[in-house]
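Just below is one structure, and these are the notes that go with it.
The values are calculated or read from the model by the stated rules, or taken from the named source; none is laboratory data. Just so you know, these numbers come straight off a predicted model, no measurement behind them. Virtual Cβ from ideal backbone geometry, glycine too; neighbours counted across all protein chains shown. These accessible areas exclude ligands, DNA and RNA; they are computed on the full protein's heavy atoms, side chains included. Shrake-Rupley method; radii C 1.70, N 1.55, O 1.52, S 1.80 Å.
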Amino acid sequence: GAVCLEADIDMKKVKKWAPIKEFKGTFDGQGHTLYNWKTKHGLFDLLAENGVIKNLHIDASCNMTVSTNVEQVISGFIANVNKGIIRNCENGGSINYVGTYTEKHIYIGGLVGQNGYVITDSKNSGIINAELYIASANKALSISVGGIAGATVPKGSRIITINRCENEGPIVFEGDTPRIYVAGIVGYSGRAGIRYCVN
């Protein structure tokens, strides 16, 4: 199925946002914008393999605040996890993450926390501030932070790419995590392709 936004949406009165668990259809923002959104989660929890999100803008008046004490964090304004296609989307909202302790990997991106397929022709201009001080014995523990995506997560034979994307948002990390991956486009890219992108 297809969902189309017919107007901009002021999210000021939305106090608790529960992300859309799994989306398999097409969401077309038609160039419209979400304003004044204060959230702890992305718009979608999972964009599934055949899903498409396109032409959606998140305004600079939006803010995501994420904190953790043990549990895993995978966060991005458009989708926490992307296994579909995100096209022509823009985030201007800021993300603030503060972690005190965790045993799980952390993924934070302006648009997507974990990218498992394609993000194209999209932009982040929002500020990302991340802070994680831990005392874990797990030497493999990592935090991945990026303007477009926190990290790419290769699965199977699908060719994962981030194409023609741009980041102009400041990205700040403070902490002492064993493995730290912080970058303008994608924090940790693995074997995924990054093409024609600008930071």
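Key figures for this structure:
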item	result
Counted residues, the stretch 63-79 - those being within 13 Å of the chain's Cα centre (by Cα) and either closer than 14 Å to Val145 by Cβ or of a type in the set (D, E, K, R) (or both)	7
Residue check, Ala18 open to solvent by 10 Å² or more (accessible area, probe 1.4 Å), part of a loop (DSSP other than H, G, I, E, B) and within 19 Å of Gly169 (Cα to Cα)	no
Those strands (runs of 3 or more DSSP E) lying entirely in the stretch 47-147 with at least 3 residues over 24 Å from Ala192 (Cα atoms) and either open to solvent by 10 Å² or more (accessible area, probe 1.4 Å) or in contact with a Lys or Arg (Cβ under 9 Å, 6 or more places away or on another chain) (or both)	63-70, 94-102
Of all residues in the stretch 155-174 being assigned to a loop (DSSP other than H, G, I, E, B) and either open to solvent by less than 20 Å² (accessible area, probe 1.4 Å) or polar (S, T, N, Q) (or both), the one that is nearest to Ser75 (Cα to Cα)	Gly169
Residue that is over 16 Å from the mean Cα position of the chain (by Cα), open to solvent by less than 70 Å² (accessible area, probe 1.4 Å) and of a type in the set (S, T, N, Q), where the choices are Thr152, Thr177	Thr177
Tally of residues being assigned to a strand (DSSP E or B) and within 16 Å of the chain's Cα centre (by Cα) across the stretch 35-44	3
Near pairs, Cβ below 7 angstrom, 6+ apart or cross-chain, from the stretch 137-152 (touching a residue at least 60 places away in the same chain (Cβ under 8 Å)) to any residue that is buried (at least 18 other Cβ atoms within 10 Å of the Cβ) and assigned to a loop (DSSP other than H, G, I, E, B)	Ala149/Leu111
Residues (open to solvent by less than 60 Å² (accessible area, probe 1.4 Å) and in contact with a Pro (Cβ under 7 Å, 6 or more places away or on another chain)) located in the stretch 180-199	Gly190, Ala192
Criterion (acidic (Asp, Glu), in contact (Cβ under 8 Å) with a residue 40 or more places away in the chain and out of contact with any Pro (no Cβ under 6 Å at 6 or more places or on another chain)) met by exactly one of Glu6, Glu49, Glu103, Glu22	Glu49
Enumeration of residues in the stretch 23-34 that are outside any loop (DSSP other than H, G, I, E, B) and in contact with a Lys or Arg (Cβ under 8 Å, 6 or more places away or on another chain)	Thr26, Phe27, Asp28
